[in-house]
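The values are calculated or read from the model by the stated rules, or taken from the named source; none is laboratory data. Quick caveat, the model's predicted, so the values are computed rather than measured. Using ideal geometry, Cβ is built from the backbone for each residue, glycine included, and neighbour counts are taken over all protein chains shown. Surface accessibility is based on the protein's heavy atoms, side chains included, excluding ligands, DNA and RNA. Shrake-Rupley method; radii C 1.70, N 1.55, O 1.52, S 1.80 Å.
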Amino acid sequence: MNIHEHQAKAVLAEFGVPVPKGFAAFTPDEAASAAERLGGPVFVVKSQIHAGGRGKGRFEGLGPDAKGGVRVVKSVEDVRKNAEEMLGRVLVTHQTGPKGKQVNRLYIEEGADIAKEFYLSLLVDRETSRVAVVASTEGGMNIEDVAHETPDKIVTFFIDPATGVWPHHGLQLATALGLKGPLAKQASALLPQLYKAFVDKDMAMLEVNPLIATGDERLIVLDAKVSFDSNALYRHPDVVALRDETEEDPKEIEASKYDLSYIALDGEIGCMVNGAGLAMATMDIIKLYGAEPANFLDVGGGAGKEKVIAAFKIITADPNVKGILVNIFGGIMRCDIIAEGVVAAVKEVGLKVPLVVRLEGTNVELGKKIINESGLDVIAANDLSDGAQKIVAAVRAGK
Ligand code: GDP
Ligand code: MN
């Protein structure tokens, strides 16, 4: 689960992390009064969307010369004017995709005097089972570009969760960022604060880009992007309260209500599969036969009829879906349950696109019988490859 920058900064501030003062605003009036409270003389008006690259982003409907999604201004009146221009408008950045994201809230912050920008992030490293700290002197830029062009400028080290942060880690960070004196000291103090926030809140990723040194030698977190491990949300009601559903795909929200593992994708073939591995394989094989999956969907091992109906409805509600492939390997999950769910769902929502069903495993004969006797226009498939070829062909024929 992702949160907004201003929420991430508030979470980090609880752990003592230095962040600029600021207030969230949903209207131009709120933006102006936030600026009045801050006092100035410099303000930053920041678009709050769940995507990075806002500074270099472009608003739809404004010319190419218009300013991006992060604007530095010098009066309360200019905060208001910029808020009026930004709120309700769609911001396109390299992370939003061409569709962009509508800006529904802003963060009004006190301006910072930037002497140098750094990059710093913490993430779970599965290979070492440790928390990786990634630091670079090349802050403010797209870190993927830095990794590509000057990989030697990225330093990574690991913290063992069994022993936590040690003073030498702080020194390692300061050295990686090329800091000396009071700034080095602040970097050493910052690391345990960020690490504690990361672990206590079950974050999956914490990215600070940029971390800045100010003209008067203070180290400040100027931008923060945080995502949480969804599997740990049950023990963080305070984090769940930060969820902004307007930033999420409505299909994914619906899927989460039924505990389905669902990710919306851009393709045209809807997939209903049991098991994450089989779901991945199904997506791969659809691609192999020249089409693109519209989603990843794992209905899980113990799904009942209701869950199957919900899954089917989510797939058919997607206007991009031009065909559906149901691929079930019955183990714990019984094929007859899936068949009943599919039949019930089709009766309820109708079927406007071709449907290929491949069933195998527990109760497969009963499952096939239910589908055959349902009178539904279903294309039966014998195996994974056959199923993928049949749905791709059916979608092609429908065009
Ligand atoms: P992002 O583009 O979505 O990553 O948004 P950031 O919060 O990182 O802002 C983009 C850039 O705007 C930063 O890298 C800074 O260069 C600049 N910026 C942000 N806040 C300030 C500020 O207070 N003062 C100045 N001068 N620049 C700022
Ligand atoms: Mn940034």
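Of everything in segment 91-129, what is of a type in the set (Lys, Arg) and crowded, with 22+ Cβ neighbours inside 10 Å? Give them in sequence order.
Result: 101, single match.
Suppose we keep only residues that are within 14 Å of ligand 1 (Cβ to nearest atom) and over 22 Å from residue 113 (Cα atoms) within segment 11-55. Which one would you say is surrounded by the fewest Cβ atoms within 10 Å (Cβ to Cβ)?
Among them, the one singled out is 50.
For segment 349-392, which residues satisfy the criterion of being small (Gly, Ala, Ser) and either within 35 Å of the chain's Cα centre (by Cα) or open to solvent by less than 50 Å² (accessible area, probe 1.4 Å) (or both)?
Of everything in segment 349-392, those that are small (Gly, Ala, Ser) and either within 35 Å of the chain's Cα centre (by Cα) or open to solvent by less than 50 Å² (accessible area, probe 1.4 Å) (or both) turn out to be 350, 361, 367, 374, 381, 385, 387, 388.
Taking residue 268, is it charged (D, E, K, R), farther than 16 Å from residue 7 by Cα, over 14 Å from the mean Cα position of the chain (by Cα) and open to solvent by less than 60 Å² (accessible area, probe 1.4 Å)?
Considered against the rule, which asks whether it is charged (D, E, K, R), farther than 16 Å from residue 7 by Cα, over 14 Å from the mean Cα position of the chain (by Cα) and open to solvent by less than 60 Å² (accessible area, probe 1.4 Å), residue 268 comes out as yes.
Does segment 130-145 hold any residues that are within 20 Å of residue 171 (Cβ to Cβ) and either open to solvent by less than 30 Å² (accessible area, probe 1.4 Å) or within 15 Å of ligand 2 (Cβ to nearest atom) (or both), and which are they?
Taking segment 130-145 and keeping what is within 20 Å of residue 171 (Cβ to Cβ), we get 130-137, 139.
Residues satisfying the conditions are 131, 132, 133, 134, 135, 136, 139.
Kindly check whether there is at least one residue in segment 136-146 that is over 27 Å from residue 246 (Cβ atoms), at pLDDT 95 or above, β-branched (Val, Ile, Thr) and not assigned by TED's automatic domain parsing to the domain that holds residue 61.
Checked against the condition, which is being over 27 Å from residue 246 (Cβ atoms), at pLDDT 95 or above, β-branched (Val, Ile, Thr) and not assigned by TED's automatic domain parsing to the domain that holds residue 61, segment 136-146 yields at least one hit.
Scanning segment 151-165 for residues that are in contact with a strand residue (DSSP E or B) (Cβ under 9 Å, 6 or more places away or on another chain) and open to solvent by less than 60 Å² (accessible area, probe 1.4 Å), which turns out farthest from ligand 1 (Cβ to nearest atom)?
The residue in question is 160.
List pairs: first in segment 208-234 and away from ligand 1 (no atom under 13 Å from the Cβ), second among the polar types (S, T, N, Q), Cβ under 6 Å, 6+ apart or cross-chain?
Listed by first residue and then by second, the contacts come to 219/186; 227/2.
Residues that are within 16 Å of ligand 2 (Cβ to nearest atom) and either over 22 Å from residue 140 (Cβ atoms) or not aliphatic (A, V, I, L, M) (or both): find the strands (runs of 3 or more DSSP E) completely inside segment 15-125 holding 1 or more of those.
Ranges flagged: 22-25, 43-47, 70-73, 106-110, 114-125.
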